[in-house]
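Chemist: Just dropping this structure here.
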Amino acid sequence: MAVHTLTLNVATADGKADAFLAYPDDNAPHPAVLVFSDAFGLRPVVRRDAERLAALGFTVLVPNVFYRNGSAPVVELPDFIGADRRGEIFGALRPLLTALTPELVVADAEAYLSWLADSPLTTGNPVGLAGYCMGVRNALHTAAAYPDRVAAVAGFHGGRLATEDPTSPHAVVDRIAAEVYLAHADADPGLPPEQIHRLDAAFTAAGTTFRTEVYPGAHHGFTQSDTDVYNAEADARHWTELADLFTRVLR
C-alpha cells in the first residue's frame, strides 16, 4: 500500500511537540497507532518503521516526546550507534529521561490521542500503542490513564517495567482495558526475570488480556537496525506480532 508522510506539530499544554505522521495514501480513514520510540527518538529508522506500519493500513503518529528540549533529534546522533558512542549519547539523554515523568507522559498523550481522534485520517476508534525501550513504559502509563481510548498495546525490549519505584508501570496495569503484548529481550539487565514475573503477576491479578514473551538471544534494543544490538530474527518476529495484534484488534 502506498504511504504518504508529513511532519507536523501537536499542540500540548506545554508547547508544540514535533511529530512524524505516516498514513495510507488512499483518501480513506484508517485505525490509528501512536508510537512511543526508544530514547534515541525520532530519526530515519523510526520514520522508516512508521511508514512500514502505515503500509499495513494504519495512520501512525510518532511524537518527539522530548519536545520541551527542542526538535528531534534533541541530541546529535551518528548514523550508526555502536558501543563506542552509546555511553556518551545516554549521558546526554539522561537528564531528559529523568525529567520526563509519568505525569508529563500522560498529559502529553492526551494531546496526541486527541489529535488522532480529531483527524480525518483516522477512524476515530480506540487506538493502538506501540512502545520501544523507554517507550514501553510510556505506552503502559498511557493505556492506564486512558483505558477507553486505547484498544491494544504492543511493547518491545522495555526496561524497568516492574521495579520498587512507586511510578513503576506494573503498579497501574489494573487500569488497562486494552489487549497487551510485550516482547522482552533475553538477559536484559533492565528487565531481569524477577521483574518479568512481577509484571506478569500484576497483569494476571488485574484480569488483563495479555501475552508476554522473552526472545532468546536478543539484546535490549533488538528492533533498532541503526544500532549494534540489532537482531534481524527478533525484529522479524516483532513485526509479525505487531501486525497480528493491531490487525486483529483495531480493525
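The values are calculated or read from the model by the stated rules, or taken from the named source; none is laboratory data. From a predicted model like this one, the values you see are computed outputs, not experimental measurements. So basically every Cβ, Gly included, is an ideal-geometry build from the backbone, and we count neighbours across all protein chains shown. To get the accessible areas, we keep the full protein, side chains included, count just its heavy atoms, and leave off ligands, DNA and RNA. Shrake-Rupley method; radii C 1.70, N 1.55, O 1.52, S 1.80 Å.
Chemist: Could you give the Stokes-Einstein D for the chain in µm² per second, using the C-alpha Kirkwood radius, 4 °C, 1.567 mPa s?
Modeler: For the chosen part, D equals 72 µm²/s.
Chemist: What are the principal axis extents of the Cα atoms in segment 1-79, in Å, biggest first?
Modeler: That gives 35, 32, 16 Å along the principal axes, largest extent first.
Chemist: May I ask you to give the average projected area over all directions of the convex hull of the Cα atoms of segment 111-221, in nm² rounded to one decimal?
Modeler: Mean orientational projected area (segment 111-221, Cα hull): 6.9 nm².
Chemist: Determine the distance separating the Cα centre of segment 198-251 from the Cα centre of segment 83-139; give it in Å without decimals.
Modeler: 17 Å
Chemist: Just to be sure I understand the model, the point goes 7 Å from the Cα along the line to the Cβ. What's the resulting THR101 to ASN125 distance in nm?
Modeler: Each label point lies 7 Å from its Cα, and together they span 3.7 nm.
Chemist: How far, in nm, would the chain grow between ALA236 and ALA2 when pulled straight, counting 0.36 nm per residue and subtracting the alpha carbon separation?
Modeler: Working it through step by step, the gained length comes to 82.1 nm.
Chemist: Related question: Rounded to the nearest 500, what is the chain's calculated 222 nm mean residue ellipticity when only DSSP H runs of at least 4 contribute -39500 (n - 2.57) each, over all residues?
Modeler: Values: 6 runs with 90 residues, N = 251.
Taking each H run of at least 4 residues, the total per residue is -11500 deg cm²/dmol.
Chemist: Now for a different question. At 1.4 Å probe size, with the rest of the protein present, what percent of the exposed accessible area of segment 33-104 is carbon and sulfur atoms?
Modeler: The C+S portion of the solvent-accessible surface of segment 33-104 is 55 percent.
Chemist: Two decimals is fine: what's Rg over Rh for segment 47-170, C-alpha atoms, Kirkwood radius as Rh? Kindly include the intermediate steps, with their values, before the conclusion.
Modeler: Working: Rg = 15.3 Å, Rh = 15.9 Å.
Reported Rg/Rh, Kirkwood definition of Rh: 0.97.
Chemist: Related question: With N denoting the number of residues in segment 156-251, provide Rg(C-alpha) divided by 2.2 N^0.38 Å, to two decimal places. Working shown, then result.
Modeler: Values: Rg = 13.7 Å, N = 96, 2.2 N^0.38 = 12.5 Å.
Cα Rg divided by the expected 2.2 N^0.38 Å: 1.10.
Chemist: Using a probe radius of 1.4 Å on heavy atoms only, what accessible surface per residue do you get for segment 23-93? Whole Å² is fine.
Modeler: On the way: 2920 Å² over 71 residues.
With the other protein chains kept in place, segment 23-93 gives 41 Å² per residue.
Chemist: Taking a virtual spin label 7 Å from the Cα of ASP148 along the C-beta vector, which residues in segment 172-191 bring their backbone nitrogen under 17 Å of it?
Modeler: The answer is 175-178.
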